[in-house]
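Structure, as structure tokens:
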Amino acid sequence: MGDSKFSNFDNMSLQGIDQDSELIPLLTPEDEEQMNSETLPETLPILPLRNTVLFPGVVIPITAGRDKSIRLIKDANNGSKVIGVVSQKDEETENPDVKDINTLGTVARILRVLQMPDGNTTVIIQGKKRFEIAEVLTKKPYITATVRETKEERPKKNDKEFLAIIESIKELALKIIRDNPNIPSEASFAIKNIQSDSFLINFVSSNLNLDVKAKQELLEIGSLQDRALATLKYMNVEMQKLELKNDIQSKVRNDLDQQQREYFLHQQMKTIQEELGGVSYDEELEEMKVKSKKKKWGKKVKEHFNKELAKMQRMNPQVAEYSIQRNYLDLMLDLPWKLFSKDKFDLKRAQRILDRDHYGLEDVKKRIIEYLAVLKLRNDMKSPILCLYGPPGVGKTSLGKSIAEALGREYVRMSLGGLRDEAEIRGHRKTYIGAMPGRIIQSLKKAGTSNPVFILDEIDKLSNSNQGDPSSAMLEVLDPEQNSDFHDNFLELGYDLSKVMFVATANNLGSIQPALRDRMEIIHVSGYTIEEKVEIAKKHLLPKQLTEHGLDSSHLKIGKPQLEKIVEGYTRESGVRSLEKQIAKMVRYAAKSIATEEEYEVKVNNEIVIEVLGAPKMERDKYENNEVAGVVTGLAWTSVGGDILFIESILSKGKGTMTITGNLGKVMKESATIAMEYIKSNAERFSIDSTVFENYNVHIHVPEGATPKDGPSAGITMLTSLVSLFTQKRIKKSLAMTGEITLRGKVLPVGGIKEKILAAKRARIKEIILCADNERDVKEIKESYLKGLTFHYVKEMSEVIDIAITGTKVKNAKTL
């Protein structure tokens with residue numbers, strides 16, 4: 001059975017044009033009369049054609065690809081060279097049976113059999129006359145059947161209607177050849193040279209651009225005039241299509257401008273890319289459609305995506321907006337719409353993870369466990385906005401990783417330090433070249449889920465500029481009532497941030513916008529005690545540094561006494577960053593010795609600590625047992641934790657003026673003035689001769705003048721220093737104090753109590769004077785950190801003087 005390489009008007013066979021061809025010339029009326037007079041054999045081998053129909057008189061080449069077809073052609077070529085050709089009803093049928101072929105076909109003569117280089121057999125055949133299968137005789141090795149001739153009803157000679165149809169066919173064929181650039185102009189010679197009317201009809205019908213079923217219907221028309229009329233109808237349809245095509249081309253045919261030229265070159269480049277294995281624009285669009293069907297987004301988002309995708313399909317890939325549109329659609333596809341990681345509600349496991357990674361920080365751990373407990377019970381709670389506030393190096397940022405692991409969520413960190421462009425939060429409008437989404441949306445895309453633990457690092461360091469106020473843009477992000485529909489300028493759609501657990505970190509609450517601070521739950525992460533730092537160094541810092549330097553615990557051992565010496569003598573901070581640097585120096589000491597094959601002490605002692613790190617640098621933190629009146633130790637809060645502060649005062653002959661030095665702020669100067677006026681008004685009570693105020697000048701100094709100092713906490717310290725100076729009575733040893741004063745002599749509470757107490761303990765202070773209202777702050781500190789300290793809670797300045805100068809104990813003094 002055969003596969004025909006037939007032609008149509010787009011590839012018309014030019015019979016008789018090539019004079020050197022061995023094919024028969026175009027049929028003449030005499031040839032046709034002789035062909036019609038030939039007797040039809042009674043039986044014929046039947047050759048089914050897969051994709052064409054053979055008409056009487058027409059010559060076509062056929063490639064035989066099936067074994068039955070090759071066998072049939074070989075036998076017929078060695079015999080009578082006459083076969084019966086029919087078309088298949090379905091060209092997909094591989095081994096057609098009798099029921100799969102049409103019963104009406106054309107008798108054909110084999111003109112030539114060619115063996116092609118690829119091994120296939122090509123046979124050239126010419127149709128003779130129509131036949132109809134009467135009875136099938138055999139099916140193997142190929143179909144043979146008895147046949148009977150099918151007579152054609154021919155019009156009368158010189159029938160005007162028929163002649164008009166023939167003339168119309170010829171004219172229309174010539175017009176189609178002329179207007180269709182795909183048909184060679186030589187085909188018009190073939191049409192003009194056809195003398196037989198019936199052959200003209202069959203030749204044109206064979207070359208029409210029709211499917212097999214339509215051509216079979218033409219072949220089965222018994223009346224030649226009816227067949228001619230049907231052929232003419234098909235030609236008219238073909239002509240109308242051709243005219244429409246040419247009309248469209250004429251309307252759009254213009255000289256290529258620069259943009260069209262670039263587009264043309266781009267299309268060529270795209271073809272080259274496809275040949276090299278690249279991805280075409282059409283394939284990209286199809287991939288986007290497939291991905292979009294898998295996304296879990298709402299109806300509104302889906303409609304918006306389809307609209308934007310349709311817009312991209314209409315765009316010229318060369319214009320700048322195309323890449324922006326593609327980036328926009330890629331963002332929509334990459335965002336984790338309604339994709340959430342499953343929370344782990346094993347509270348004991350979460351507690352173990354938090355305890356493993358962070359020593360201390362009990363309040364923070366407690367709050368995280370509380371959040372997990374509530375989320376476990378409700379399972380639909382909006383995530384809180386936590387703000388970890390405290391000095392640098394206390395583990396605020398690293399705590400976020402532990403929270404993410406405890407919850408089983410993805411971890412994302414975004415640094416806000418120095419951020420001054422609002423577009424970094426909200427994104428750029430995508431109409432601009434180089435537009436990008438905000439970092440919030442970008443981070444969620446990177447996380448791959450819509451409920452990660454999102455660390456907003458250094459939120460207190462957001463800056464303002466002429467590009468807008470980023471802290472104002474953060475208001476919507478961090479508002480649990482609004483962030484369920486967060487609007488990004490690039491995305492142009494609301495995105496649900498309510499399931500994200502935001503954890504902000506800050507060193508200074510004062511620089512955070514009040515409205516932004518109101519949206520967050522503030523958790524104070526205070527500094528570490530010496531004991532906590534030693535434990536952190538032992539459990540975390542030393543193993544970490546050994547690993548980073550390619551060592552293990554067998555190469556270097558630092559005991560608790562040496563770690564405590566490093567903490568006290570070489571670090572001055574609330575956190576542990578400086579401590580880690582000092583431990584890294586000790587580890588490098590061991591690494592260098594190992595690399596140079598030098599002997600060294602694996603177990604570090606105090607002498608090695610001094611040898612590697614140098615002499616202790618932080619001795620100024622130690623309390624000085626001054627034997628001079630007018631020197632008092634105060635407690636101060638700094639951005640890196642607590643510190644002790646020495647306030648000194650001295651008298652000199654003069655006219656009663658007061659001078660203050662030490663780079664003090666406005667508030668501390670006011671505290672000194674208040675203290676001086678309170679003493680003058682209560683001179684008799686403190687047994688001070690009032691003439692001293694007129695005959696002597698007072699100078700108050702706070703050492704380390706290069707360091708700016710301010711705040712109300714030094715009020716009682718300054719007053720005590722002045723009373724000690726005027727009475728020439730020394731202050732009690734190992735005593736420190738902090739508190740604000742009023743003109744009435746009241747002592748007011750101050751902040752930063754834990755940091756101040758830790759600083760006092762580092763300085764070997766034994767007793768601390770605090771306002772009575774600060775007792776609640778002390779109760780929040782672990783008792784083990786307060787061991788050996790005595791607290792005096794006071795309300796009046798007279799009590800401070802009694803404790804500090806006379807050594808009188810107040811009723812509510814507590815020793816821990």
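The values are calculated or read from the model by the stated rules, or taken from the named source; none is laboratory data. As the structure is a computational prediction, the values presented were derived from the model and not from experiment. Using ideal geometry, Cβ is built from the backbone for each residue, glycine included, and neighbour counts are taken over all protein chains shown.
Filtered by the rule that a residue be buried (at least 20 other Cβ atoms within 10 Å of the Cβ) and hydrophobic (A, V, I, L, M, F, W, C), the range 748-762 gives Val750, Ile753, Ile757, Leu758, Ala759, Ala760. Selection of the range 295-312 for residues being part of a helix (DSSP H, G or I) and surrounded by 13 or more Cβ atoms within 10 Å (Cβ to Cβ) yields Val301, Lys302, His304, Phe305, Glu308, Leu309, Lys311, Met312.
Within 60 Å of the chain's Cα centre (by Cα), charged (D, E, K, R) and within 30 Å of Val85 (Cα to Cα): does that describe Asp211? Considered against the rule, which asks whether it is within 60 Å of the chain's Cα centre (by Cα), charged (D, E, K, R) and within 30 Å of Val85 (Cα to Cα), Asp211 comes out as yes. Among the residues making up the range 647-686, those that are within 55 Å of the chain's Cα centre (by Cα) and farther than 18 Å from Val750 by Cβ are Gly662, Asn663. The selection criterion, being surrounded by 14 or more Cβ atoms within 10 Å (Cβ to Cβ), part of a helix (DSSP H, G or I) and of a type outside the set (A, V, I, L, M), does not hold for Glu91. Select from the range 417-455 the residues that are of a type in the set (A, V, I, L, M, F, W, C) and assigned to a loop (DSSP other than H, G, I, E, B) and write down the one among them that is surrounded by the most Cβ atoms within 10 Å (Cβ to Cβ). The extreme case among them is Leu419. Candidates are the residues of the range 79-96 that are under 20 Å from Val113 (Cα atoms) and among the β-branched types (Val, Ile, Thr); the one that is farthest from the chain's Cα centre (by Cα) is Val82.
Please tell me if Gln115 is modelled with pLDDT under 85 and either in contact with a His (Cβ under 7 Å, 6 or more places away or on another chain) or surrounded by fewer than 22 Cβ atoms within 10 Å (Cβ to Cβ) (or both).
So Gln115 fits the description; yes.
Restricting the range 73-88 to residues that are among the polar types (S, T, N, Q) and not in a loop (DSSP other than H, G, I, E, B), the residue that is surrounded by the most Cβ atoms within 10 Å (Cβ to Cβ) is Ser87.
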